[in-house]
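Working notes, structure below.
What follows is calculated from the coordinates using simple rules that are stated; it is not laboratory data. Small disclaimer: the values here were computed from a predicted structure and weren't measured. Using ideal geometry, Cβ is built from the backbone for each residue, glycine included, and neighbour counts are taken over all protein chains shown.
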Amino acid sequence: MAIAEQQASPQAAQASGDKTWHGIVLQTLKRNAISLIPYVPDRVLTPLIKNLHADPFFTTFATAREEEAVGVVAGAWMGGRRGAVLMQTSGFATLANVLASLAVPYQIPLIMFVSERGTLGEFNYGQSLVCRTMRPVLDSLALEHHTITRLDELEFIADRSIKQAVTTQAPVALILNPLLTGGKVFDK
Amino acid sequence: MNKDLDTRNTKVMNRFDITSRLIAKLKHEEAVIGGIGNTNFDLWAAGHRPQNFYMLGSMGLAFPIALGVALAQPERRVFALEGDGSLLMQLGALSTIAALKPKNLIMIVMDNGIYQITGAQPTPAAGVADVVAIAAGSGLANSAWAADEEDFERLVEEAMSASEPRLIAVRIDDKPGVGTTRRDPVQIRERFMHGLGVREPL
């Protein structure tokens, strides 16, 4: 089965060492003292998830649903520990209620990394449809969000966005576009 | 109606009474997360304390929020109060907690088999599913029904020094909560963070 890492974008392919998108995300999380990483997995996120598990700085674990992960990092924030949630587009679509009833009104700096499916070569019609709901939901709550397409912009956007979320006590969604990650492609 | 459930040897108790008994036992600034609706209304009515957090939405997330607090502050005991209907929305959280095994997390389920606050409609689980069996099947071996109020207090005391997460289920009546939480989410969150020693007031 062809997997995302083998379908890396030209930018990702040119990168070497830890200057991969997932290496940069991991280092940016660490630099910002974000150590609690609940996630619902995604094929594209696999190298990031694997490396987070391998690094004892992080407490990395799967949850059954994305809103459960949001609850965990909200509680951790209030207890003085920073976290971030990893998910894919369809998982974000389950979050409207928890964003509107927990993260936003309680002013929780919820940091979300969303692996973007549904665009640039999507092969599953349902994924392409649910993807179209993501930005309207973010915009309807006036939530900060950035779509990251370039490796050379990733660190700046992620680092600044995390710091802004913490200092303004507001959620942020960092959308990892297939131009950055390679995405997931149809193979058969 | 499943006869095994009917014969369960547990007294029907009262949410406010049970919540008040729990609060009276807390001597070490333990955190308490109150789930949506009556669960946190009775927590509020039992007497506000800075270590209380009240949910005004996000139904089903009392245990995940409490898990986050427990992972952030492993030396503090963290209690979560949740209704049976709320728990049904997020059963997967039980397995997440079982896998992480936070020794300082104690989950209390108030089970009346109904969505009391919306008009007392029965939950889909009423009369057919057993909260403690679900928890045990989810990997939380230390799950038990409280037989009566004294048994509840005994289970809480046991949980204070437990080395694994605990779940205590309580059969409760159909009474509404006796108070109403002040719906000020920012102040609730800020006061809670002060109570946990994360922040100082301005």
Expressed as a whole-number percentage, the relative contact order of the range B:3-195 with C-alpha contacts under 8 angstrom and at least six residues apart is 30
Virtual spin-label span in nm between B:E200 and B:E150, 7 Å along Cα→Cβ: 4.8
For the range B:27-91 and the range A:127-155, what is the centre-to-centre distance using only Cα atoms, to the nearest Å? 31
Of the residues B:A72, B:A141, B:A133, which exhibits the maximal mean-square fluctuation in a Gaussian network model of chain B defined by a 10 Å Cα contact cut-off? B:A72
Based on DSSP, what percent of beta bridges with both residues in the range B:3-195 are antiparallel, to the nearest 5? 10
Order of A:H53, A:H22, B:H28 from fewest to most other C-beta atoms within 10 Å? B:H28, A:H53, A:H22
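Once you order the gyration tensor axes a ≥ b ≥ c over the Cα atoms, which shape class does the range B:44-202 get: rounded for a/c under 1.5, otherwise prolate or oblate by comparing a/b with b/c? Intermediate results must be reported in sequence, preceding the final value.
Working: a/c = 1.65, a/b = 1.18, b/c = 1.40.
Oblate, because a/c is 1.5 or more while a/b does not exceed b/c.
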GNM, chain A, Cα, under 10 Å: largest mean-square fluctuation among A:N97, A:N32, A:N177? A:N97
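So how much slack lies between B:M160 and B:V12, counting 0.36 nm per residue of separation and subtracting their Cα-Cα distance, in nm?
Details: separation 148, 0.36 × 148 = 53.28 nm, distance 2.40 nm.
That works out to 50.9 nm of additional length.
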With springs only between Cα atoms under 10 Å apart, run a GNM on chain B and tell me which of B:A24, B:A80, B:A45 wobbles the most. B:A24
Counting only residues 5 or more places away or on other chains, whose amide H sits under 5 Å from the amide H of B:I33 once H atoms are built in the peptide plane? B:F53, B:F79, B:A80, B:L81
Give the Debye-formula value of log10 I(q)/I(0) at each listed q (0.12, 0.13, 0.19 Å⁻¹), with one equal scatterer per alpha carbon of chain A, two decimals each. -0.52, -0.61, -1.40
Residue order, fewest to most beta carbons within 10 Å, for B:I108, B:I117: B:I117, B:I108
For the residue pair B:V128 and A:T94, what label-to-label distance in nm results when each label sits 7 Å from Cα along the Cα-to-beta-carbon direction? 2.2
